[in-house]
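Colleague: Starting off with a structure, shown below.
Bear in mind that the values in this text are calculations on the coordinates, not laboratory data. Keep in mind that what you see is a predicted model, and the values were worked out from it rather than measured. All Cβ positions, glycine included, derive from the backbone under ideal geometry; neighbour counts span all protein chains shown.
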């Protein structure tokens, strides 16, 4: 199967399964940012593409449990690792590259230790998605629909934690350069929010 065909099949599957619908754009942005990061390093773009589009499969409604207790214990990365091989095989993705896709997905969290170039790139790109204007929008949009975010103050606490901890976890120089304006945007937003809220719990 031609590269364009299996790539289109991956995107169409995510388009149909990404719920809430705003989850879809994260995969597209992630791949776009990953491409910018990886421009100066040798990498397999098929692996980067597939891992970027499939890494969050386990967080979509319809793929994750809905009962709060089960959801709290849900291992969404394990789910993605379990589902991705059969999906990629169905889409006609090169079989020999599937293990590398799984390894990049497995290590994409900030707390993980990647073992491949694609893993480092995907992890850095996902960290960048948690900073700047995009990071603010993604976090604040979860208030009231994610059990971790009952109030806006919950979102602000996570954003502050992201600002303090995530930039230092970036591994590649190209990622650090892309992070600079995002860090400044997030820092400015949090300072303004703190001033406007005035210590009131909201």
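Colleague: Angle check, please: helix 45-54 long axis (alpha carbons) against the longest principal axis of the chain (alpha carbons), in degrees 0 to 90, nearest 10.
Modeller: In the chain, helix 45-54 runs at an angle near 60 degrees to the longest axis.
Colleague: Now a separate question. In whole angstrom, how far apart do the alpha carbon centroids of region 106-142 and region 39-68 sit?
Modeller: Centre-to-centre distance over Cα atoms comes out at 11 Å.
Colleague: Tell me, in nm to one decimal, what length is gained between residue 28 and residue 165 on full extension, where the rule is 0.36 nm per residue of separation less the Cα-Cα distance?
Modeller: The span from residue 28 to residue 165 would gain 46.8 nm if fully extended.
Colleague: What ranking do 176-184, 145-153 get when scored by the average of other Cβ atoms within 10 Å per residue, highest first? Mind dumping the intermediate values first?
Modeller: Numbers: 176-184: 15.8, 145-153: 12.8.
Most protected by this proxy first, the peptides run 176-184, 145-153.
Colleague: Between the helical axis of 23-38 and the dominant principal axis of the chain, each derived from Cα atoms, what acute angle in degrees is found, rounded to the nearest 10?
Modeller: Tilt of helix 23-38: around 80 degrees.
Colleague: Rounding to the nearest 10 and keeping the result within 0 to 90°, find how far the Cα-based axis of helix 152-165 lies from the longest principal axis of the chain.
Modeller: Around 70 degrees separate the two axes.
Colleague: Of the listed values (i) 42; (ii) 54; (iii) 46, grab the one calculated as percent of Cα pairs over 23 Å apart from the structure here.
Modeller: Working out percent of Cα pairs over 23 Å apart from the coordinates points to (iii).
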